[in-house]
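**Q** Have a look at this one before I ask anything.
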Amino acid sequence: MSRHEQHPSWDAAVQRATTVTAAHTPGGMDEHCWDDVAIRGILAITLYCLHLRNHQPVEDIRWQQVSWQLRDDTRVTELATSVLADAGHDLAPATAPGDSVAACWTWLTRTWDTRAPRTPVIDKRTVVHVPPDLRQLPQAPELRWDGMSRGIGAGLPDPAIEVCTDWAAGIVQETITADCHGHHRRNRVAVISGAHAGRRGYVVETGWHFDDATETVEGPAGYVLDLDDVEGTERIDADGVTSSWDLRWPHRPQGSLKDAPPPGLHDPFPPTKSSAEDLAEILGRAADPAVVPESLRTRIATAHAHHHLELDRQARPIPDRVSWQVFHHWYQLSEHHQDDQRADLFEIVVTRHLHDPHPVHHLALSEDDLPDLIARCTTGG
């Protein structure tokens with residue numbers, strides 16, 4: 001299939017993704033919102049890849065098939081990289097101009113500079129009337145996310161495919177739930193069978209069954225319910241729940257568990273860690289604890305207080321995907337802080353994925369050492 005023949009299918013995928021994103025987004029699809037563009041792009045890529053792989057028209061692809069692919073971003077990436085290149089799309093960062101599919105994938109997998117300057121951008125083609133009393137005010141800076149506003153993970157440099165796949169999955173699941181007349185989160189429902197029959201409550205979460213054999217999802221298979229007079233939540237099969245037209249705020253019986261404040265609300269705060277305990281925690285997770293000499297450990301152990309600041313968060317794009325955070329731990333050695341009464345420790349946290357369960361921690365004693373250390377610990381696979 002030639003690229004020219006593929007574009008109508010890509011346009012159909014974008015249109016279908018736009019429609020479903022708009023239907024489940026307050027205010028509809030906003031082309032100037034990074035969140036909406038990211039979710040729409042993930043859905044469009046998934047629809048288009050399933051169209052190519054399964055030889056199905058885009059409009060015939062069931063949302064249950066899409067939902068299975070959206071279980072995590074790794075699955076979406078495997079689908080895209082295994083299908084798009086074979087269809088003639090160059091997925092290298094320097095994509096050939098005119099290939100909107102590859103351009104969308106490049107955007108979804110790029111990283112973002114969290115330190116990018118917010119500089120004003122003036123479009124000289126547009127004449128804007130400004131009242132005289134406002135002409136001396138500085139212009140509002142342009143947002144840095146490709147000129148878009150952003151609400152999801154605005155402080156993260158990680159690719160949209162990692163940040164927003166869960167959000168795209170949520171929209172698809174809402175669509176499936178609506179199509180089958182299921183119950184959405186926060187819906188008022190009644191239990192009609194089982195140990196809790198007759199009770200009412202609210203839907204907290206929706207459960208799904210992932211069928212790996214057919215690569216589809218089935219559901220909603222069940223619900224997590226917050227019942228009016230039962231402590232905690234309960235998992236109820238879908239056929240045991242029906243809509244409740246009792247929309248009044250539920251009566252909480254006097255003396256019931258849910259009539260009282262939430263458990264732990266008035267519990268005292270846990271004691272603050274000492275500086276010695278804080279240092280021990282940092283050393284315990286560090287790959288190179290020997291960097292901190294015994295003399296510095298002794299000074300920190302007797303410090304008056306400890307403080308933590310995030311100095312930086314950056315990422316490097318695919319194919320050498322890696323991100324890092326830099327934290328400054330400083331210890332106030334005396335009750336009244338003075339510059340010469342402070343002990344410093346810097347921590348670099350390195351991950352190969354936004355959801356990396358095992359980040360690597362490195363330590364440094366000086367801010368001047370950070371650039372070289374970051375270069376060393378973020379090199380390689």
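**Q** Taking the condition of being surrounded by fewer than 17 Cβ atoms within 10 Å (Cβ to Cβ) and within 20 Å of the chain's Cα centre (by Cα), how many residues in segment 31-60 meet it?
**A** Keep residues of segment 31-60 that are surrounded by fewer than 17 Cβ atoms within 10 Å (Cβ to Cβ), which gives 31-32, 53-57, 59-60.
Remaining after also requiring within 20 Å of the chain's Cα centre (by Cα): 31-32.
The qualifying residues number 2.
**Q** Sticking with this structure for a sec: Please go through segment 142-182 and pick out each residue that is closer than 15 Å to Val37 by Cβ and not in a loop (DSSP other than H, G, I, E, B).
**A** Of the residues in segment 142-182, the ones closer than 15 Å to Val37 by Cβ are 143-154, 159-161, 163-165, 167-168, 171.
Listed by number, the residues that qualify are Trp145, Met148, Ser149, Ala160, Ile161, Val163, Cys164, Thr165, Trp167, Ala168, Ile171.
**Q** Let me ask another. Considering only residues of segment 268-301 that are surrounded by fewer than 12 Cβ atoms within 10 Å (Cβ to Cβ) and of a type in the set (S, T, N, Q), which is nearest to Trp112 (Cα to Cα)?
**A** Filtering segment 268-301 for residues that are surrounded by fewer than 12 Cβ atoms within 10 Å (Cβ to Cβ) and of a type in the set (S, T, N, Q), the one nearest to Trp112 (Cα to Cα) comes out as Thr272.
**Q** Another one. Within segment 357-366, is even one residue closer than 30 Å to Trp112 by Cβ and either in the same structural domain as Glu162 (by TED's automatic domain parsing) or touching a Pro at 6+ places or on another chain (Cβ under 8 Å) (or both)?
**A** The answer is yes; a qualifying residue exists.
**Q** So, Thr111, is that one surrounded by fewer than 18 Cβ atoms within 10 Å (Cβ to Cβ), under 18 Å from Val163 (Cβ atoms) and among the polar types (S, T, N, Q) or not?
**A** Values: surrounded by fewer than 18 Cβ atoms within 10 Å (Cβ to Cβ): no; under 18 Å from Val163 (Cβ atoms): yes; among the polar types (S, T, N, Q): yes.
So Thr111 does not fit the description; no.
**Q** Please find, among Leu309, Leu265, the residue that is within 30 Å of the chain's Cα centre (by Cα), among the aliphatic types (A, V, I, L, M) and modelled with pLDDT under 80.
**A** Working: Leu309 fails: modelled with pLDDT under 80.
So the residue among Leu309, Leu265 that is within 30 Å of the chain's Cα centre (by Cα), among the aliphatic types (A, V, I, L, M) and modelled with pLDDT under 80 is Leu265.
**Q** Among the listed residues Val76, Val14, Val20, Val101, which satisfies the condition of being among the aliphatic types (A, V, I, L, M), farther than 16 Å from Ala168 by Cβ and surrounded by 16 or more Cβ atoms within 10 Å (Cβ to Cβ)? Steps first, answer last, please.
**A** On the way: Val76 fails: farther than 16 Å from Ala168 by Cβ; Val14 fails: farther than 16 Å from Ala168 by Cβ; Val20 fails: farther than 16 Å from Ala168 by Cβ.
From the options Val76, Val14, Val20, Val101, the qualifying one is Val101.
**Q** Filter segment 333-381 down to the residues that are crowded, with 17+ Cβ neighbours inside 10 Å and of a type in the set (Val, Ile, Thr), then identify the one that is modelled with the lowest pLDDT.
**A** Step one: list which residues in segment 333-381 are crowded, with 17+ Cβ neighbours inside 10 Å, which gives 333, 343, 345-351, 354, 360-364, 370, 373-374, 377-378.
Still in the running and of a type in the set (Val, Ile, Thr): 348-351, 360, 374, 378.
Values: Ile348: 98, Val349: 97, Val350: 96, Thr351: 95, Val360: 96, Ile374: 95, Thr378: 90.
Selected residue: Thr378.
**Q** Restricting to segment 291-327, count the residues that are more than 30 Å from Thr81 (Cα to Cα) and not in a strand (DSSP E or B).
**A** Residues flagged as more than 30 Å from Thr81 (Cα to Cα) and not in a strand (DSSP E or B) within segment 291-327 amount to 14.
**Q** Let me ask something else. Within segment 289-322, can you find the residues that are closer than 15 Å to Leu370 by Cβ, in contact (Cβ under 8 Å) with a residue 24 or more places away in the chain and of a type outside the set (A, V, I, L, M, F, W, C)?
**A** Listed by number, the residues that qualify are Asp312, Arg313, Gln314.
**Q** What tally of residues in segment 41-94 results from selecting those that are charged (D, E, K, R) and without any contact (Cβ under 8 Å) to a residue 40 or more places away in the chain? Don't jump to the end; show me each part of the working.
**A** Filtering segment 41-94 for residues charged (D, E, K, R) gives 53, 59-60, 62, 71-73, 75, 78, 86, 90.
Adding the requirement that they be without any contact (Cβ under 8 Å) to a residue 40 or more places away in the chain leaves 53, 60, 75, 78, 86, 90.
Looking only at that region, the number is 6.
**Q** Among the residues of segment 189-217, which ones are under 13 Å from Gly240 (Cα atoms) and among the polar types (S, T, N, Q)?
**A** Within segment 189-217, Ser193 is the sole residue that qualifies.
**Q** Also, I was wondering about something else. When the residues of segment 185-227 are narrowed to those that are outside any strand (DSSP E or B) and among the acidic types (Asp, Glu), which ends up surrounded by the fewest Cβ atoms within 10 Å (Cβ to Cβ)? If you could, list the steps in order and put the result at the bottom.
**A** To start, the set of residues in segment 185-227 that are outside any strand (DSSP E or B) comprises 185-187, 192-199, 212-215.
Of the ones still in play, those that are also among the acidic types (Asp, Glu) are 212, 215.
Numbers: Asp212: 8, Glu215: 16.
Filtering segment 185-227 for residues that are outside any strand (DSSP E or B) and among the acidic types (Asp, Glu), the one surrounded by the fewest Cβ atoms within 10 Å (Cβ to Cβ) comes out as Asp212.
**Q** Still on this structure: Please specify each residue of segment 328-363 satisfying the condition of being closer than 15 Å to Leu156 by Cα, in a strand (DSSP E or B) and not aliphatic (A, V, I, L, M). I'd like the intermediate steps shown before the answer.
**A** Going through segment 328-363, the residues closer than 15 Å to Leu156 by Cα turn out to be 349-356.
Pick out the ones that are also in a strand (DSSP E or B) and you get 349-351.
Residue satisfying the conditions is Thr351 alone.
The values are calculated or read from the model by the stated rules, or taken from the named source; none is laboratory data. Note that the structure is a prediction, hence the values are computed from the model and not measured. Here the Cβ is made from the backbone with ideal geometry for all residues, glycine too, and neighbour counts use every protein chain on show.
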